[in-house]
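For reference, the structure is listed below as structure tokens.
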Amino acid sequence: MTETLLAIETVSVAYGKVQAVRGVSLDVKAGEIVTVIGANGAGKSTLLNATIGALGAQGAIRFLGEDITRLDVEDRVARGLLLVPERRELFSTMTVEDNLVLGGFRVPRGVARDTMAEVYDRFPRLKERRDQLAGTMSGGERQMLAIGRALMSRPKLLMLDEPSLGLAPRIVADIFRIIADLRAGGVSILLVEQNARAALAAADHAHVMELGEVSVSGPAAELARDERIVQSYLGFH
Ligand code: ATP
């Protein structure tokens, strides 16, 4: 049986009186890409932020079989769970390389050195720009750096919040190629996207969120053919 890495069990999150996530359950198994799609404001980012521990939640979150619901962000990250937030949150006045170094501060120095070489192999653009300030990189380059920095801590599960947001179509295609490569290299991914077409093409399993709840779940290829999903999220072409 494939190992369940992450289990989100009837998780609810409120901002004061606003119930942003209501009773959401989903699993990510080892080697899978699972995507959560849905309109603006459906609660997707809130779900990821609660899963990493930046927001309090009701319900249970298990990672590698352990209940992590009460752990703080740092303890979740130390166990191998990582979030690349929508705003990417790079250190913009530091170089590309220093951002990577900081991403690797939790792992032994030798591992960090090897991982940086792997990140540079995967993202030759980052290697070319290693001395450039992160804040002066293009949107696509910053997204690559955010993913590269996340990989520096050797996560078991990477959560990506709208990695294609604000990027030109050609760069979006690059980002989705990278996502497929990461999975091929053994990284499991929980992907939140508004670009439903690309997300469903990349993922194994998919969940649609509407008004804080999961309304439809299933194999991504099936959802991509589902008439209701096509009409609501994929357009007609
Ligand atoms: P988007 O793609 O626009 O980020 P989303 O599906 O990720 O959408 P969330 O950002 O999780 O949705 O927002 C879910 C709901 O919670 C929305 O109604 C939003 O207005 C509300 N919300 C989000 N952050 C806060 C906050 N800090 N305080 C109050 N309400 C919030």
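Every number in this text was worked out from the coordinates using simple rules, so none of it is lab data. All figures in this text were calculated on a predicted structure; none of them were measured in a lab. Don't worry about glycine lacking a Cβ; one is built from the backbone with ideal geometry, like all the others, and counts go over all protein chains shown.
Within segment 99-195, the chymotrypsin sites (Phe, Trp or Tyr not before Pro) that combine a DSSP coil assignment with at most 16 other C-beta atoms in a 10 angstrom radius are 105.
List the lysines whose alpha-carbon lies under 30 Å from that of residue 44, not counting same-chain residues fewer than 8 positions away? Leaving aside lysines fewer than 8 places away in the same chain, those within reach of residue 44 are 17, 29, 156. Extending 7 Å from Cα along the Cβ direction at residue 130 and again at residue 54 yields two label points whose distance is 2.9 nm.
In deg cm²/dmol and to the nearest 500, what is the mean residue ellipticity at 222 nm of the chain if only DSSP H runs of at least 4 residues count, each as -39500 (n - 2.57), divided by the residue total?
-10000 deg cm²/dmol, from helical runs alone.
Computed over Cα pairs, the Kirkwood radius of segment 97-233 leads via Stokes-Einstein (0.890 mPa s, 25 °C) to a diffusion coefficient of 152 µm² per second. Translational diffusion coefficient of the chain at 4 °C, 1.567 mPa s, Stokes-Einstein with Kirkwood Rh over Cα pairs, in µm²/s as a whole number. The estimated diffusion coefficient comes to 72 µm²/s. Over segment 78-122, the Kirkwood radius and the radius of gyration, each from Cα atoms, give a ratio Rg/Rh of 0.97.
Computing FRET efficiency as 1/(1 + (r/R0)^6) for residue 217 and residue 67, where r is the C-beta to C-beta distance and R0 is 30 Å, gives about 0.85.
As a calculated quantity, the FRET efficiency between residue 27 and residue 102 at R0 = 30 Å, using C-beta atoms, amounts to about 0.45. Relative to the longest principal axis of the Cα atoms of the chain, the long axis of helix 109-122 makes an angle of roughly 70 degrees.
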